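Below you'll find the structure, written out as structure tokens, and then a few comments.
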Amino acid sequence: MTITEISPGLTLIAGSLLIPLLPGRLRSVYLVLLPLLGLFHLSQLTAGDFGVVHFIGQQLVTLRVDRWSMVFGWIFMIATLISAIYALHVRSPLQATVGFLYAGSAIGAVFAGDLMTLFVYWELTAVTSVFLVWAGGNRQSVFKAGMRYLIVQIASGMLLFFGALVQLNATGSISFDHIGLDAPGGWLIFIAFGIKCAFPFLHNWLQDAYPEASEVGTVFLSAFTTKLAVYALARGFAGEGLLIPIGAAMTAFPIFYAVIENDLRRVLAYSLNNQLGFMVVGIGIGTELSLNGTAAHAFTHILYKALLFMSMGAVLYRVGTVKGSELGGLYKSMPLTTIFCIIGAASISGVPLFSGFVSKSMILSAAGHGSYLVTWAILLFASAGVFHHSGIKIPYFAFFAHDSGKRCKEAPANMLIAMGFAAFLCIGIGVMPGPLYALLPYPVDYEPYTASHVLAQLQLLMFSALAFSVLMWTRIYPPELRSVNLDFDWLWRVAGPAIARRFGDALRSTREGLAEALVAGARSIAESIHRHRQPNGLLLRSWPTGSMALWVMVMLLAYLAMYYLG
């Protein structure tokens, strides 16, 4: 078997096993070389199905190479390289090891050609990534957040597994191609993908777990889990109209939470949810333009979201907090980190000449050309909102705003290199989108830099900035407060257990009442029997012969009536 028949994910998975065995400086060199080897591996692949294994009468395809898998394979491997450089300052090998296992599992899933191979890698991403959440500390809250994250991710895998079995039973095939909601098992697989993609009401694991992870763990997490789900939805459910309202809702509701959130990494988690909505809408529209937009936006989103998480991770590493109420004035101590954060903010906001503009505009154009006017308006509102909370709020409250008086060192050199690399790609793709467009699944006939596109986006950004300024000047803007915001997870983290406790108390009270009633009834019956067993009682007194004969006749007549009626 040659390198062209092996999944690039296995290169990272196998290579990660050596990380704990290497000493410090050699390990640092190895962490950079391993994803470079993965990139070389990717460059050697050619289109087709490889690694075919026959198992229990089924054909498993461990390596399917096409334009969809390659575009996600490239960006996943680049994200692994950036994350590895960002993690070089960490002395413990645990985070790097599980980070590479996690990245390799995600890449393996992208190249899976059947549902069972996908399931194996799908569950590996869950099991490995939870250690990145737990690496955030030894606090009880971190442990609980990790456990909740693991339960949700494993549940997604189980739904995928049962959906694949139903699909196999109905069609005789587990090939991972277009599935659709009319197919047997389609709904189970759809919900499994939706959990990992953070659909509305299924999204809270993202905001719960990501901000609890370490500064390195969050960068790894932001790149793979949700974008793997986007890839899976695009592969299995492209053109499903239900995805359009789901995606539109995903773009809109996180904005309101992000505006009032104090934890800036949690703001970015809500912003991540918002950006996923654009991709889901693109999948639901299902045209070549919208699907290209989804793939392009996933590519650029991984870069600028990683850049924003890296900048906040650097702040957390140096200052010890990312609470907006406790930060401000850090541009004096961390000028380079400030610049990189602003580049990430400009990219996510869709500022022309930055990467977000050349990808998000494809989805907006697809919605407009497809006459999805309500959806287009929601996406436009969401674009203004993301500039408001990620483009302005994140850099403003972290590095400017009021001076918190905190003075610290600039981020470590490896963090700056990783952020610089991501920032270079964000600007490079924005200025020259051609190389990215060449990777997309379908031929691209799209020009982002038209006068109408640029002017419309600049107007949107200008009025959003004006709104933020007015709200701050009039002091209407929600202040950064130490608080906990209630989201949908309140129902199953607070209300659910409270209802369960009350139901348990009611059930226990009912059981105790029934037990007492049964005991009292049994005692009453026993006392009655004992009373009638006295010499003058009903059971021991003498009965006249005539009375006995009468009762025998009554019983005989009752028996005869039942016999003939039956």
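Among the residues of segment 284-306, those that are more than 18 Å from residue 72 (Cα to Cα) and either crowded, with 24+ Cβ neighbours inside 10 Å or not assigned by TED's automatic domain parsing to the domain that holds residue 270 (or both) comprise 284, 285. Taking residue 314, is it surrounded by 24 or more Cβ atoms within 10 Å (Cβ to Cβ), within 14 Å of residue 347 (Cβ to Cβ), in the same structural domain as residue 258 (by TED's automatic domain parsing) and of a type in the set (Gly, Ala, Ser)? Taking the combined requirement at face value, the residue does not satisfy it. Taking residue 198 as the residue in question, decide whether it is outside any helix (DSSP H, G or I) and aliphatic (A, V, I, L, M). Against the criterion (outside any helix (DSSP H, G or I) and aliphatic (A, V, I, L, M)), residue 198 qualifies. Taking the listed residues 366, 467, the one that is buried (at least 16 other Cβ atoms within 10 Å of the Cβ), in the same structural domain as residue 325 (by TED's automatic domain parsing) and touching a residue at least 60 places away in the same chain (Cβ under 8 Å) is 366, with no other qualifying.
One residue stands out in segment 261-315 among those that are charged (D, E, K, R) and part of a helix (DSSP H, G or I): the one that is nearest to residue 333 (Cα to Cα), namely 265. Can you say whether residue 238 is small (Gly, Ala, Ser) and either crowded, with 22+ Cβ neighbours inside 10 Å or out of contact with any Pro (no Cβ under 8 Å at 6 or more places or on another chain) (or both), as far as the supplied structure shows? Yes, satisfied. In segment 266-275, the condition of being of a type in the set (Gly, Ala, Ser), in contact with a Ser or Thr (Cβ under 8 Å, 6 or more places away or on another chain), within 30 Å of residue 414 (Cβ to Cβ) and modelled with pLDDT of 95 or more is met by no residue. Within segment 1-38, how many residues are of a type in the set (A, V, I, L, M, F, W, C) and within 15 Å of residue 69 (Cβ to Cβ)? Total meeting the criteria: 2.
Checking each residue in segment 11-23 for being surrounded by fewer than 19 Cβ atoms within 10 Å (Cβ to Cβ) and out of contact with any Pro (no Cβ under 9 Å at 6 or more places or on another chain) picks out 14, 17, 18, 23. The set of residues in segment 330-341 that are surrounded by 19 or more Cβ atoms within 10 Å (Cβ to Cβ) and out of contact with any Leu (no Cβ under 9 Å at 6 or more places or on another chain) comprises 330, 334. For the criterion of being surrounded by fewer than 17 Cβ atoms within 10 Å (Cβ to Cβ), at pLDDT 90 or above, under 26 Å from residue 52 (Cα atoms) and out of contact with any Leu (no Cβ under 6 Å at 6 or more places or on another chain), residue 186 fails.
The values are calculated or read from the model by the stated rules, or taken from the named source; none is laboratory data. All figures in this text were calculated on a predicted structure; none of them were measured in a lab. Don't worry about glycine lacking a Cβ; one is built from the backbone with ideal geometry, like all the others, and counts go over all protein chains shown.
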